[in-house]
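The values are calculated or read from the model by the stated rules, or taken from the named source; none is laboratory data. Quick caveat: nothing in here was measured; it's all calculated off a predicted structure. Virtual Cβ from ideal backbone geometry, glycine too; neighbours counted across all protein chains shown. Side chains included, ligands, DNA and RNA excluded: accessible areas come from the protein's heavy atoms. Shrake-Rupley method; radii C 1.70, N 1.55, O 1.52, S 1.80 Å.
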Amino acid sequence: MKWIIILFLLFLLVVIFAVRFRKQINGGIILWKTLQKPPEKQIEKRENSREVPLVKCRDCGTWIPQTTALNFNSKIFFCSQNCLEKAVKVK
């Protein structure tokens, strides 16, 4: 009979603890689930996105995607019209 009373008191203590700290316990559960599996949306996003090589602007040294760069002589790239004009004026 003593064991039943002790178990009941322990159970009651656990219930009071769970009710009092339910928000923290719920946050811990969400954090645990988040850390268990990698985010699937980010993995799909990386697989679907195509990789675009970066090129360096000859005038200012800024790295930009090759698709948006101004191409001059297939190996010389400029980030903007201003950089292209500066390079032409200097020489």
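Structural remarks
- Cβ-Cβ contacts under 7 Å between residues 6 or more apart (or on different chains), taken from a first residue in the range 62-91 that is farther than 25 Å from Glu51 by Cα and among the small types (Gly, Ala, Ser) to a second residue that is open to solvent by 100 Å² or more (accessible area, probe 1.4 Å) and part of a loop (DSSP other than H, G, I, E, B), are listed as Ala87/Arg58.
- Checking the range 36-52 against the condition returns no match, with no residue being open to solvent by 80 Å² or more (accessible area, probe 1.4 Å), at pLDDT 90 or above and either part of a helix (DSSP H, G or I) or of a type in the set (A, V, I, L, M) (or both).
- Selection count where residues are surrounded by 11 or more Cβ atoms within 10 Å (Cβ to Cβ) and assigned to a helix (DSSP H, G or I), scope the range 60-91: 7
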